[in-house]
Amino acid sequence: MHPRLSALAALRLTDPEQKVAATRATVALAATDSIATAPIRTEGDDLGVPGRPERPLRVAATAVQKRSPFTPEGRAALIHSICHIEFNAINLALDAVWRYDGMPEAYYRDWLRVADEEALHFTLLHAHLQDMGYRYGDFPGHDGLWNMCEKTKDDVLARMALVPRTLEARGLDATPLIQAKLKRVNTPDALRAVEILDVILRDEVGHVAIGNHWYRWLCDRAGIDPEAAYPGLVARYDAPRHKPPFNLEAILRAPTGQDGFGLVNFRQPNDADQIAYLDVWLRDLPPNRYYSVKYATDANVDGDCTSTDWVDLPRPHRPNPIHTDDRGTGRGSLFLDLSAFPVGSTFDIHFEVVDAFGGTIMLTSDCYQFTVTQ
Ligand SMILES: [Fe+2]
Ligand SMILES: [Fe+2]
């Protein structure tokens, strides 16, 4: 079977365990075969999409009751809500594989990889939920997740722009806060949940990067400026705004054919200090090593980053390397002193991630523009 039709079959399944198994089988099928890029869509083939179980009851996001994670039932409700997100995320990834004809093979492979990872996330969380004495479906779940998919079903560019950012990027922001809370709870089940969330966080960095990569690729093909088009897409599809507002989000990629992703969220609060905060996420790099994040700027604002005057973050000559864990994931909160730049000035900026001792360049970013505000 064509891997994309196999993805459709998995997408239609309503039983979560069967969906996970069918997703894994689809990924295995595609691993050994090429994915033909000829169109596969036919009239009325969206019947039964997305397949989902009768329970959880689907309710409005505002109707989901907030419970304290300091009670066992509250923790079960919290794990259930993340489990629900992951179930929807499997459907979203399978949908991205099946729905859009005319994309390059690498696109389908990227989204199959996402589907596989979402299936793992669901499985880990559901097993944990069952250890706690509950099952998926025992609590209501909110229905906002599929809505953005529905709205963008005829527009792959809008889908790539909005879904990874609304779902996955918000997850990136929320997860460390949830983990901090669960660490305070400090029971064995809470600590196990923190471990599972580590796996999820590692993978979601890649999902955001994949979404952004294909958004930029589609913009490029359509001759659209991705940064300029984004606010219009948010407004047209009534997408949730990404909070806190990121002034800049830079993607770091490994040289072709190698593993590794990075994401830099560059945030400049509206206060008197001319400091920008940079949250850096790394994944799939060689484990247990130190990496420095460097940037270079030039004042000739033309989207062509000509400077190779690399400066270590957080400040010149004081490198603060990020350490990767056993799985090759690392995270660092760095900062950049902007006081040398006049308010209102704009510059070209690009980033690279370098092995702190060997000096090998592991990841590089495109060229971005940044404006100093106050
Ligand atoms: Fe996930
Ligand atoms: Fe994801």
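Where in the stretch 186-305 are the strands (runs of 3 or more DSSP E), entirely inside, with at least 2 residues that are of a type in the set (S, T, N, Q) and more than 16 Å from ligand 2 (Cβ to nearest atom)? Please lay out each step first, then the result.
On the way: elements: 248-253, 261-267, 275-283, 290-298.
Of the strands (runs of 3 or more DSSP E) lying wholly inside the stretch 186-305, those with at least 2 residues that are of a type in the set (S, T, N, Q) and more than 16 Å from ligand 2 (Cβ to nearest atom) span 290-298.
So which pairs qualify, if the first residue must be in the stretch 180-209 and farther than 16 Å from ILE85 by Cα and away from ligand 1 (no atom under 16 Å from the Cβ), the second must be outside any helix (DSSP H, G or I) and among the hydrophobic types (A, V, I, L, M, F, W, C), the Cβ gap must be under 8 Å, and the two must be at least 6 apart or on different chains?
So the pair list comes out as VAL185/PHE70; ASP189/MET132.
Every residue, every condition in (1) surrounded by fewer than 23 Cβ atoms within 10 Å (Cβ to Cβ); (2) under 18 Å from the mean Cα position of the chain (by Cα); (3) more than 15 Å from ligand 1 (Cβ to nearest atom); (4) modelled with pLDDT under 95, yes or no:
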{"site": "PHE70", "(1), (2), (3), (4)": "yes, no, yes, yes"}
{"site": "ALA96", "(1), (2), (3), (4)": "no, yes, no, no"}
{"site": "LEU112", "(1), (2), (3), (4)": "no, yes, no, no"}
{"site": "ALA115", "(1), (2), (3), (4)": "no, yes, no, no"}
{"site": "MET160", "(1), (2), (3), (4)": "no, yes, yes, yes"}
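Kindly indicate the residue of the stretch 85-126 that is farther than 13 Å from TRP214 by Cα and basic (Lys, Arg) and also farthest from ligand 2 (Cβ to nearest atom) among those meeting that condition.
Selected residue: ARG99.
For residues in the stretch 134-154 being more than 23 Å from TYR237 (Cβ to Cβ) and touching a residue at least 60 places away in the same chain (Cβ under 8 Å), which is surrounded by the fewest Cβ atoms within 10 Å (Cβ to Cβ)?
ASP138
Within the stretch 5-15, can you find the residues that are touching a residue at least 60 places away in the same chain (Cβ under 8 Å) and either surrounded by fewer than 22 Cβ atoms within 10 Å (Cβ to Cβ) or not assigned by TED's automatic domain parsing to the domain that holds ALA119 (or both)?
Taking the stretch 5-15 as the starting set, the residues that turn out to be touching a residue at least 60 places away in the same chain (Cβ under 8 Å) are 5, 7-8, 10-11.
Passing the criteria: only LEU5.
Of the conditions (1) within 17 Å of the chain's Cα centre (by Cα); (2) away from ligand 1 (no atom under 14 Å from the Cβ), LEU120 satisfies every one except a single condition; which number is it?
With (1) within 17 Å of the chain's Cα centre (by Cα); (2) away from ligand 1 (no atom under 14 Å from the Cβ) applied to LEU120, the lone miss is (2).
Scan the stretch 43-65 and report the pairs whose first residue is not assigned by TED's automatic domain parsing to the domain that holds TRP146 and whose second residue is of a type in the set (A, V, I, L, M) and in a helix (DSSP H, G or I), with Cβ atoms within less than 9 Å and a gap of 6+ or a chain change.
Close Cβ pairs satisfying both conditions: none exist.
Could you tell me how many of the residues in the stretch 59-106 are touching a strand residue (DSSP E or B) at 6+ places or on another chain (Cβ under 9 Å) and either over 26 Å from LYS151 (Cβ atoms) or assigned to a helix (DSSP H, G or I) (or both)? Explain how you work it out, then say what you get.
Our first condition is that a residue be touching a strand residue (DSSP E or B) at 6+ places or on another chain (Cβ under 9 Å); within the stretch 59-106, this holds for 59-64, 80-81, 83-85, 87-88.
Adding the requirement that they be either over 26 Å from LYS151 (Cβ atoms) or assigned to a helix (DSSP H, G or I) (or both) leaves 61-63, 80-81, 83-85, 87-88.
Number satisfying all stated conditions: 10.
The values are calculated or read from the model by the stated rules, or taken from the named source; none is laboratory data. Note that this is a predicted model, so its numbers are computed, not measured. Virtual Cβ from ideal backbone geometry, glycine too; neighbours counted across all protein chains shown.
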